[in-house]
Amino acid sequence: MTTLTETTHPGGFLVWEAFRDYTRETVTVASGTLNPGTVLGMITASGKYAAHDPAAVDGTETAVAVLWGKADATGGDAPAVALVRGPAVVNRYDLVFVGTPSEGEITAAHAALQAVGILVR
């Protein structure tokens, strides 16, 4: 019998949002192959987005958005849709963090998302 594996779905992390035309925007992802639900930071110098990295000093150390669908920026910048502001509620267990952040770093990222109106539950 064939085993099927279900992967993450675009927007699968979302519990509720007020108005999709207000909470989501098309953004530019600067690097990497990122899955739906990846927590993003914004690179201060360029305004582009990349995976949130608590150890960085380029702006991505602050969580500011959540990637809506898969983005492949391995060959260069790629457009993608992200949840960039609230009011919105997301499921904490469906958020994706690149690397292995500590519980404290994850808690700080949740607080940073709440600062832009994205409530993590």
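The values are calculated or read from the model by the stated rules, or taken from the named source; none is laboratory data. Bear in mind that the values here come from a model prediction, so they are computed numbers and not experimental data. Backbone-built Cβ (ideal geometry, glycine too); neighbour counts: all protein chains shown. These area figures cover heavy atoms from the full protein model, side chains too; ligands, DNA and RNA do not enter into them. Shrake-Rupley method; radii C 1.70, N 1.55, O 1.52, S 1.80 Å.
Using modelled amide H (1.01 Å from N, peptide plane; none on Pro or chain starts), what sits under 5 Å from the amide H of T38, excluding residues fewer than 5 places away?
L67, V96
So which GluC sites (Glu not before Pro) in the range 1-101 end up in coil per DSSP with only 12 or fewer other C-beta atoms within 10 Å?
E6
Using θ = phi - 60° and the Karplus form 6.51 cos²θ - 1.76 cosθ + 1.60, what ³J(HN,Hα) does each residue of the range 101-118 get, whole Hz, x for Gly and Pro?
Working through the residues one at a time gives x, 6, 4, x, 5, 5, 4, 5, 5, 4, 5, 5, 5, 4, 4, 9, x, 9 Hz.
Per residue, how much accessible area does the chain have with a 1.4 Å probe, in Å²?
56 Å²
Hey, any idea what % of the chain's accessible area is carbon plus sulfur with a 1.4 Å probe?
About 54 percent, which is the carbon plus sulfur part of the accessible surface.
Kirkwood Rh over Cα pairs of the range 1-79 into Stokes-Einstein at 25 °C, 0.890 mPa s: D in µm²/s?
Rounded, D is 182 µm²/s.
Name the long-range amide H neighbours of V27: under 5 Å, sequence gap of 5 or more, or other chain; modelled H, no Pro or chain starts.
Placed amide hydrogens put A80, V81, A82 under 5 Å from V27.
Explain nothing, just compute: Karplus ³J(HN,Hα) = 6.51 cos²θ - 1.76 cosθ + 1.60, θ = phi - 60°, for every residue of the range 27-36 in order, whole Hz, x for Gly and Pro.
10, 10, 8, 7, 7, x, 10, 10, 8, x
Long-range amide H contacts for A73: which residues qualify at under 5 Å (H placed 1.01 Å from N, peptide plane, sequence gap of 5 or more or a different chain)?
Close amide H contacts, sequence-distant or interchain: G32, T33, L34.
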